[in-house]
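Single-structure report; data block below.
All of the numbers you see were taken from the coordinates with simple rules; none came from a lab. Keep in mind the model is a prediction, meaning the values are calculated, not measured. So basically every Cβ, Gly included, is an ideal-geometry build from the backbone, and we count neighbours across all protein chains shown.
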Amino acid sequence: MSVGTAEEIKFSDELMAFIEEWKNKPGNLIMILHRVQGEFGYIPRAAAMKVSEMIGIPLAKIYGVITFYHFFKTKKPGKYIIQVCLGTACYLRGGQDIMNELETILGTSVGHVTDDGLFSIEAVRCIGCCGLAPVMMIGNEVFGKLTPEKVPEIIADFRNRA
Amino acid sequence: METVKIKIDGIPVEVAAGTTILNAAKLAGVKIPTLCAHPDLEPWGACGICVVKTENQMGVSPRLVRACTTKVIEGFNYITHDPELQSIRKTVVNLILSNHPQECLTCGRNQQCELQRLAEEFCIREVAFPSNVRRVPKDNSTPSIVLDATKCVQCGRCAQVCQQLQGVWALEFIHRGENTRIAPVADSTLNESPCIKCGQCAAHCPVGAIYENDETDKFLAAVKDPELHVAVQMAPAVRVALGEAFGMLPGEIVTGKIYAALRRLGADAIFDTNFSADLTIMEEGSEFVKRLTTGGVLPQLTSCCPAWTNYMEEYYPDMIPNFSTAKSPMMMQGAITKTYYAEQKGIDPAKIFSVAIMPCTAKKHEIERDDNMHASGYPDVDLVLTTRELARLIKMAGIDFANLADEKADSPIGAYTGAATIFGVTGGVMEAAVRSAYFLVTGEELKDVNIVATRGMDGVKSGVVDIKGTKVRVAIAHGLANVKAVLDEVRALREAGQPQKYDFIEVMACRGGCIAGGGQPYGTDDDLRAKRTAGLYKDDEKCTLRCSHHNPEIKEIYEKYLGAPLSEKSHHLLHTTYEKVKTYKAL
């Protein structure tokens with residue numbers, strides 16, 4: 001998938017069909033943005049511009065929506081998205097220590113991507129397995145009962161997969 | 001009309017159903033303080049300063065409501081002022097002030113700021129909460145306006161004007177909660193956004209968060225330079241608004257005083273953009289007659305308004321063939337100042353510093369649009385100052401403006417007719433064009449030059465002008481959101497291969513026309529628009545000559561220099577070209 005200008009960026013046939021189907025229906029914007037993020041992992045500026053052109057909603061309004069909801073990302077996330085739980089249970093069991101360790105060994109901070117594009121760190125509130133606190137997710141894999149000492153090994157494992 | 005009977009602080013009033021408490025209070029002679037509300041805009045209850053109380057009545061328990069967004073209910077009494085309300089409002093003002101830099105002394109809105117006025121009205125001597133100012137870098141990316149979001153009070157007026165009145169969508173809030181801030185589209189710069197530089201955001205901002213790019217220092221440097229011959233022109237709308245800055249009434253015609261003040265400020269030659277408004281009519285009117293009689297592209301669209309030109313190039317580039325090639329009066333005046341005038345007076349055009357006093361911020365951008373703005377071989381206009389900037393220069397120079405004796409403009413490009421002066425108001429360009437088009441088509445003079453159908457504040461006006469059997473269908477639109485509707489219709493008819501409804505369309509970007517431009521004195525609303533408009537029509541009536549083709553200096557410039565309208569020389573100096581511009585630049 002190329003990411004250039006609004007003229008250059010390519011949407012998949014499924015996405016194009018989805019937008020065509022919904023372009024004139026009220027309340028379509030957020031649904032379409034979900035699909036765009038599903039396809040690119042984030043909402044590239046060129047994609048937002050293409051959506052604006054296709055459904056006739058001003059780009060300023062689209063950015064008002066994208067920046068309002070935390071779910072939508074305007075920057076390309078890492079290949080592996082690390083979600084560290086800072087919900088009540090995890091926080092009490094040392095979630096912040098896990099976060100600190102990650103930030104140290106990856107050399108980046110929450111909300112950002114490593115220079116090599118491999119990892120991005122996000123803070124989340126509860127992923128539904130408080131019994132395993134503190135937990136984090138990388139992609140779809142859950143890591144529970146963490147200690148800061150276990151973190152480097154997990155990261156090394158993902159580095160080897162890349 | 002259905003009405004409801006209510007009471008404001010016990011004062012009985014009868015108002016139309018659906019009236020807001022705020023407007024009902026005005027009718028009862030009660031002033032409720034506001035910050036985000038503006039009569040041009042839909043209320044949206046952002047600031048909370050207009051909060052009022054309802055009593056325990058008609059089965060509804062007492063409550064606090066925002067007067068701007070709440071409609072009156074039959075039989076209700078609304079309490080607008082008591083110690084509790086004053087305390088609540090004072091808290092709101094304090095909260096806003098805690099997020100606002102206390103830099104009033106160096107702010108462009110010092111003494112003209114709506115927040116400052118509230119702080120004064122509520123006797124705030126010390127801000128009740130610790131300062132929590134979020135610093136955002138200033139956006140200086142355009143030559144027209146500066147966005148200083150650090151001073152923003154998040155009233156939302158600028159975004160509403162930009163989106164609803166102008167349909168431009170350059171500005172919108174981004175992020176949420178305490179991180180909410182105003183920003184050009186997608187957090188870019190104004191220059192990269194679709195901003196058309198009209199400055200209506202600056203005219204509506206209650207504080208100093210968006211303002212004209214102040215260039216008064218450039219004027220001061222030019223008049224100080226003995227090498228330079230400073231030639232100044234002034235737009236029609238300036239003469240009925242500048243007086244407001246000196247305690248005079250809106251609409252008071254101060255043309256002669258402005259000429260005098262400009263001479264005292266050190267200008268060497270005083271001209272009037274009205275001269276070139278007459279010249280515009282000769283060129284644009286002739287262009288229209290040519291299109292009409294030779295099957296050219298119609299409807300012709302007027303091209304005097306630079307914000308409108310920017311809008312067209314971004315949003316309706318398919319209308320370029322319809323666009324008059326005539327430059328704006330300001331650019332025509334600049335071009336002939338450095339050619340015709342320079343030749344007549346034997347002045348080296350390289351030594352002429354050409355200044356334009358304009359009601360408009362887009363004019364600051366227009367002078368560097370493209371190479372056509374250097375038709376004389378030099379920048380045809382070197383500097384544009386808004387009405388507000390001229391007021392500052394006059395105050396700085398200690399000139400007692402209100403008591404100045406009237407003076408006259410200089411020849412040979414300073415005289416004007418009534419047709420030119422109404423260029424500053426919606427419908428005025430069309431009225432002026434019709435007065436001369438009648439002559440250009442028939443060779444006869446129009447008996448009654450007052451074309452009333454072109455006047456008034458309706459967003460879109462239309463009519464048919466009978467030029468001895470030739471029916472010319474005209475339309476006038478102002479406020480770009482209104483213009484959009486007209487253009488969409490033109491586009492739809494063209495794409496369907498159907499005949500057009502209009503032959504000639506006048507467009508002005510700002511509601512009411514230039515008299516309510518983005519560079520005019522603050523406080524513009526429909527009441528002020530009506531007064532300034534009345535001033536220009538009065539100026540028209542005062543003129544002995546009321547048709548552009550009667551202006552003796554216009555006849556002279558064609559005889560001595562240009563030859564005829566649409567001549568080769570005219571085309572070189574007075575006409576221009578347009579091109580498609582990306583709505584979202586460099587994004």
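Given the pairs B:468/B:501; B:327/B:501; B:151/B:531; B:31/B:197; B:501/B:542; B:224/B:338, which span a C-alpha to C-alpha distance of over 29 angstrom in this model?
Beyond 29 Å between Cα atoms: B:151/B:531; B:31/B:197; B:501/B:542.
Can you tell me the length gained on complete extension of the stretch residue B:481 to residue B:87, counting 0.36 nm per residue apart and subtracting the Cα distance?
That works out to 137.9 nm of additional length.
Near residue B:218, which aspartates and glutamates are there with a Cα under 12 Å away, not counting those fewer than 8 places off in the same chain?
B:382, B:389
Classify the stretch A:61-162 as rounded, prolate or oblate from the Cα gyration tensor: take a ≥ b ≥ c as the square roots of its eigenvalues, call it rounded if a/c is under 1.5, otherwise prolate when a/b beats b/c and oblate if not.
oblate
For the stretch B:1-110, which trypsin sites (Lys or Arg not before Pro) are both in a DSSP coil and crowded by at most 16 other Cβ atoms within 10 Å?
B:31
If the chain between residue B:164 and residue B:408 were fully stretched, how many nm would it gain, using 0.36 nm times the residue separation less the Cα-Cα distance?
83.7 nm
For peptide A:13-25, how many partner chain Cβ atoms fall within 10 Å of a residue's Cβ, on average?
If you average over the peptide's residues, the count of other-chain Cβ atoms is 0.
Roughly how many debye, to the nearest 20, is the charge dipole of the protein assembly as shown about its Cα centre, given +1 on each Lys and Arg Cβ, -1 on each Asp and Glu Cβ, and no other charges?
Using only the charged Cβ atoms, the result is roughly 1200 debye.
Using only the alpha-carbon atoms of the stretch B:3-81 as identical scatterers, what base-10 log of I(q)/I(0) does the Debye formula give at q = 0.11, 0.12, 0.18, 0.24 Å⁻¹?
-0.24, -0.28, -0.65, -1.16
Quick one: grab the alpha carbon gyration tensor of the stretch B:58-187, order the square roots of its eigenvalues as a ≥ b ≥ c, and give me rounded if a/c is under 1.5, else prolate or oblate depending on whether a/b is larger than b/c.
Oblate, since a/c reaches 1.5 and b/c is not below a/b.
In nm, give the distance between the simple-model label positions of residue A:110 and residue A:12, each being 7 Å from the Cα along the Cα-to-Cβ direction.
Between residue A:110 and residue A:12, the simple spin-label model gives 3.2 nm.
Mind listing P(r) for chain B? All alpha-carbon pairs, 20 Å bins, whole percents.
Percent of pairs per bin, in order: 20, 51, 25, 3, 0.
Would you list, by chain and number, the aspartates and glutamates whose Cα falls below 19 Å from the Cα of residue B:5, excluding same-chain residues fewer than 8 positions away?
Straight-distance partners of residue B:5: B:14, B:55, B:74.
Give me Rg/Rg_expected for the stretch A:13-68, where Rg uses Cα atoms only and Rg_expected = 2.2 N^0.38 Å with N residues.
Output field value: 0.99.
Can you list the aspartates and glutamates whose alpha carbon sits under 14 Å from that of residue B:290, skipping same-chain ones fewer than 8 residues off?
Of all the aspartates and glutamates, those that pass the test against residue B:290 - Cα under 14 Å, at least 8 places apart if same chain - are B:503.
Binning every alpha carbon pair distance of the stretch B:117-244 at 10 Å from zero, what are the percents per bin?
Each 10 Å bin holds this share of Cα pairs: 11, 33, 29, 21, 7, 1.
With contacts defined as alpha carbon pairs under 8 Å and 6 or more residues apart, what's the relative contact order of chain A in percent?
18 percent
Grab the beta carbon distance between residue B:495 and residue B:579, set R0 = 35 Å, and tell me the FRET efficiency rounded to 0.05.
Computed FRET efficiency for residue B:495 and residue B:579: 0.95.
With each run of n ≥ 4 DSSP H residues scored as -39500 (n - 2.57), what mean residue ellipticity at 222 nm is computed for the protein assembly as shown after dividing by its residue count and rounding to the nearest 500 deg cm²/dmol?
Value at 222 nm, helices only, nearest 500: -10000 deg cm²/dmol.
Please tell me the relative contact order of chain B in percent, rounded to the nearest whole number, where contacts are Cα pairs under 8 Å and at least six residues apart.
16 percent
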